[in-house]
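The values are calculated or read from the model by the stated rules, or taken from the named source; none is laboratory data. The structure displayed is predicted, hence computed values, not measured ones. For neighbour counting, all protein chains shown are included, and Cβ atoms are generated from backbone atoms with ideal geometry for every residue, glycine included.
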Amino acid sequence: MSLVLTPVDVWLFRDGKSFDAGSDHFARSVFPPFPTVLQGAIRSHHLRVKGVDLSDPQAIAACVGTATNFGALRLRGPFVARYEDNRWVRYFPTPADAVPARKDGWVVAATPRAAADDDAQTCHDSVLPMLLFPPEGTPLRKQAEESWMSEDALRDYLAGCAAPTCSASDLFTVEHRYGVGIQPGRNRVADAERGLLYAVAFTRTRENVGLYLEVSGYDGWPSRGVMRIGGEGHGAYFEQTAPLPWHSAPNPLPERFKLCFLTPTYFEAGWRPDRWDKFFAGHVQLVTVALRRYEMRGGFDLASRSPKPARRFVPAGSVYYFQSADSARLRDDLVNQAITDFAPEIGFGQFWIAPW
């Protein structure tokens, strides 16, 4: 299935930080949500579609798997999408190696150049042989925060052309709502207690903006309907739509290529895997990288009533530059065509590869 989700009202996708009474007064929303959020919503609704008895753990596991085994589910996304010119268009975070080319939001890619011995790019335990510089004749200006690119713009950008961006506010806005703690069972404001005033940041999408995702392994869904998703019991309209074309990686890979992550990814060794041959057949060498600040995500396990492990994810938009030899290619056994050490089945580690 190819699904488009649009909000019934607003959405709340928490960032995983504690929001207990007295510990914090502000709940932050993340958009787009992490794949872990979508897989939970999709699996929960699939149980409803199949009419599974929710009091029967064995029936649930047989239908959708367990917390550590996703069963037949394969998910790509979620991606922000906007309906324009009678079609849905995916939008992606502007790559981290983008350099403003003009003042109107157009960007170009930085250029890798060999670094001097005393000017090598040091990333934790690694020294990379190249640095990223603005193209010749391009003034160095700070890139606008929270900018996005349409899929067509990203294709042009990765092909070496200048490309337009849009601001996050063109796609969605943050809406703050405020409340105060209520005494359980008495339905009134708590007396003589402090720290119970709170604020929640919801996400409100612009008109004709939603989430696009691809789901395989599940059947029997209606063409459209309503499902529950995110915090505070908010919902989404879902509709099956025609699948959008997907970028295919070159095979074999170019001698010089860059890998741009379209969804967050996780590596056990931090910002990179312990070895690249888990994902590539043949020799590849990482020469430079454009990274954004890591994103910490965890969650709460309702079944065991305990926190889930918190992990540091490499955010979408991060770009890795490689040199390859011996006709290197992506491994044929990649799960869901993803590069990640965590949950490739549900959408982490999706990427776009292009020569540089």
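Observations
- Checking each residue in the range 270-298 for being touching a helix residue (DSSP H, G or I) at 6+ places or on another chain (Cβ under 9 Å) and surrounded by 16 or more Cβ atoms within 10 Å (Cβ to Cβ) picks out Val284, Leu286, Arg297.
Condition check ((1) in a loop (DSSP other than H, G, I, E, B); (2) touching a residue at least 24 places away in the same chain (Cβ under 8 Å)) across all residues:
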{"residue": "Thr66", "(1), (2)": "yes, no"}
{"residue": "Phe70", "(1), (2)": "yes, yes"}
{"residue": "Leu75", "(1), (2)": "no, yes"}
{"residue": "Arg82", "(1), (2)": "no, yes"}
{"residue": "Tyr91", "(1), (2)": "no, yes"}
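- The conditions of being modelled with pLDDT under 90, over 25 Å from Phe172 (Cβ atoms) and not aromatic (Phe, Trp, Tyr) are not met by Asp104.
- Contacts under 9 angstrom Cβ, first residue in the range 284-309 being over 21 Å from Gln39 (Cβ atoms), partner at pLDDT below 75 and part of a strand (DSSP E or B), 6 or more apart: Leu286/Ser126; Thr288/Gln121; Val289/Gln121; Val289/Cys123; Leu291/Cys123
- In the range 314-340, residue surrounded by the most Cβ atoms within 10 Å (Cβ to Cβ) [restricted to those that are modelled with pLDDT under 95, farther than 23 Å from Tyr157 by Cα and out of contact with any helix residue (DSSP H, G or I) (no Cβ under 8 Å at 6 or more places or on another chain)]: Ala328
- The set of residues in the range 14-38 that are modelled with pLDDT of 90 or more and in a loop (DSSP other than H, G, I, E, B) comprises Phe31, Pro32, Pro33, Phe34.
- Filter result for the condition that a residue is over 25 Å from the mean Cα position of the chain (by Cα) and either among the charged types (D, E, K, R) or modelled with pLDDT of 75 or more (or both), over Leu197, Leu131: Leu131
- Restricting the range 134-160 to residues that are of a type in the set (A, V, I, L, M) and either at pLDDT below 80 or surrounded by fewer than 17 Cβ atoms within 10 Å (Cβ to Cβ) (or both), the residue that is nearest to Gln285 (Cα to Cα): Ala159
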